[in-house]
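Working notes for the structure below.
The values are calculated or read from the model by the stated rules, or taken from the named source; none is laboratory data. Given the structure is predicted, the values throughout are model-derived calculations rather than measurements. Using ideal geometry, Cβ is built from the backbone for each residue, glycine included, and neighbour counts are taken over all protein chains shown. Surface areas here come from the heavy atoms of the whole protein model, side chains and all, with no ligands, DNA or RNA. Shrake-Rupley method; radii C 1.70, N 1.55, O 1.52, S 1.80 Å.
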Amino acid sequence: MGEFVGIDPSRAHDLIRRLEAGSLLLGGVRPLVDAAVAEAGDDWAGPRHGATALRRAQEFLHDARRELRWRIDAAEQLVPVRERGLLTAAFPFAGEAEATRAAAETATAVLAALATGRPDEVERAFTTATGTPGEVAGDPAYAAALLGVLGPGGLVLVLRGWSEAEVPGERDGLPPAALVRAASASPGLLARAFAAAERTGRLGEEWRELPATAPADVLTTLIALARPSGAFLNVVAVELLNRRPDAGPDWNLHHLAHAYRSFPEALQELLAEHQKETGVLLDAYALGTHPAYERALAAALRHALEPGAGADGLRERAWSGLTGGLDAGHRLWPDLETFRDAGERV
């Protein structure tokens, strides 16, 4: 089970393109060979199974492409800091098929445990099935297969069951102490699995509606315990900020603001394109009742709006969105003039 892998993603992608070109070439040749054999009839002097050999060659190229893509995706998800050039990682599985089978076993055990209504049985199912949960969740094939069987409903049930057991009645987002415990339990595994599958484009269509249908605390647990894409973060942000136009800051808002520190360009896009939602962020800050949220939002804005962050045009539009929200009557922190001066220099 598993192996140590070294791979250069850019060169591997080049090899994938060559494999695809070879497969297309064979796809064009196969019908010509079939036609030639049929036309020649008994006069055909070559091997009778030429088309079969070409089909097998195509299947080999297809399987090689798929396996190589899995290796690239897995390496990029398993390595904490992505750098150009060679990536090395200890893969938890020796191949995509093995990862998929293991995920199916895990999901089956978890669904059976969910039927008991006991969160401790769910935790036991995860641990028993995976052995070392933290190591397998980053494998995108395992992640996609696990989530494919559980479905959005199963994900919500697991996360809600865990939070009800650990912090009963909490709907405003997991407090810091609970979030730390969640990271090494089923919520952490599912958040890392979701991020790995979402970033590599392996989630099914049924997951598109998750931001609109899942409870706020489930969504913020996913973005607080792992790092899905900036695009997903913005979808979640727009959804959550439209649900609570008159509410004060809470841990849900804190987790959302804190997640933007890792995605300055996503925050720039939110500020530039969604002035209504930007206003909700600023209104919550103006209430001044949640210092952790205030610090998180200030840090996220600083990362997104400092000179040189992201593309110049998008950063300028983000500044316009932010100042537009302020001009509409929102209040921000005392050192706003520092940001205004920096904005004039972009």
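Of all the helices (runs of 4 or more DSSP H) wholly in the stretch 248-301, which have at least 2 residues that are closer than 24 Å to A178 by Cα and of a type in the set (G, A, S)?
251-259
Name the residues in the stretch 135-158 that are open to solvent by less than 10 Å² (accessible area, probe 1.4 Å) and either of a type in the set (F, W, Y) or in contact with a Pro (Cβ under 7 Å, 6 or more places away or on another chain) (or both), would you?
If the condition is that a residue be open to solvent by less than 10 Å² (accessible area, probe 1.4 Å) and either of a type in the set (F, W, Y) or in contact with a Pro (Cβ under 7 Å, 6 or more places away or on another chain) (or both), then V136, D139, Y142 are the ones that fit.
Here's the yes/no breakdown for (1) over 16 Å from L150 (Cβ atoms); (2) surrounded by fewer than 22 Cβ atoms within 10 Å (Cβ to Cβ); (3) in contact with a strand residue (DSSP E or B) (Cβ under 7 Å, 6 or more places away or on another chain); (4) polar (S, T, N, Q):
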site: F194; (1), (2), (3), (4): no, no, no, no
site: E198; (1), (2), (3), (4): no, no, no, no
site: I223; (1), (2), (3), (4): yes, no, no, no
site: S229; (1), (2), (3), (4): yes, yes, no, yes
site: A247; (1), (2), (3), (4): yes, yes, no, no
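Provide a single number: the residues in the stretch 225-251 that are more than 20 Å from K276 (Cβ to Cβ) and over 12 Å from the mean Cα position of the chain (by Cα).
1
Suppose the filter is farther than 13 Å from A103 by Cβ, touching a residue at least 40 places away in the same chain (Cβ under 8 Å) and touching a helix residue (DSSP H, G or I) at 6+ places or on another chain (Cβ under 9 Å); does A185 pass it?
yes
Could you look through the stretch 264-274, keep only residues that are under 20 Å from A216 (Cβ atoms) and at pLDDT 95 or above, and pick out the one that is surrounded by the most Cβ atoms within 10 Å (Cβ to Cβ)?
Filtering first and then ranking leaves L267.
State all residues of the stretch 191-225 that are under 22 Å from L253 (Cβ atoms), among the aliphatic types (A, V, I, L, M) and assigned to a helix (DSSP H, G or I); if no residue qualifies, say none.
Those that are under 22 Å from L253 (Cβ atoms), among the aliphatic types (A, V, I, L, M) and assigned to a helix (DSSP H, G or I): A191, A195, L210, A212, A216, V218, L219, L222, I223, A224, L225.
Of everything in the stretch 67-91 that's charged (D, E, K, R) and modelled with pLDDT of 75 or more, which residue is farthest from R17 (Cα to Cα)?
Selected residue: E76.
Considering only the stretch 293-310, how many residues are modelled with pLDDT of 85 or more and either surrounded by fewer than 18 Cβ atoms within 10 Å (Cβ to Cβ) or not aliphatic (A, V, I, L, M) (or both)?
Step one: filter the stretch 293-310 for residues modelled with pLDDT of 85 or more, giving 293-309.
Filter once more, so that each one left must be either surrounded by fewer than 18 Cβ atoms within 10 Å (Cβ to Cβ) or not aliphatic (A, V, I, L, M) (or both): 293-295, 298-299, 302-303, 306-308.
Summing the residues that are modelled with pLDDT of 85 or more and either surrounded by fewer than 18 Cβ atoms within 10 Å (Cβ to Cβ) or not aliphatic (A, V, I, L, M) (or both) in the stretch 293-310 gives 10.
Quick check: is even one residue across the stretch 17-31 at pLDDT 75 or above, of a type in the set (S, T, Y) and farther than 30 Å from P228 by Cβ?
The answer is yes, given that some residue of the stretch 17-31 is at pLDDT 75 or above, of a type in the set (S, T, Y) and farther than 30 Å from P228 by Cβ.
Open to solvent by less than 40 Å² (accessible area, probe 1.4 Å), assigned to a helix (DSSP H, G or I) and either modelled with pLDDT of 95 or more or of a type outside the set (D, E, K, R) (or both), is that true of G188?
Yes: the conditions hold for G188.
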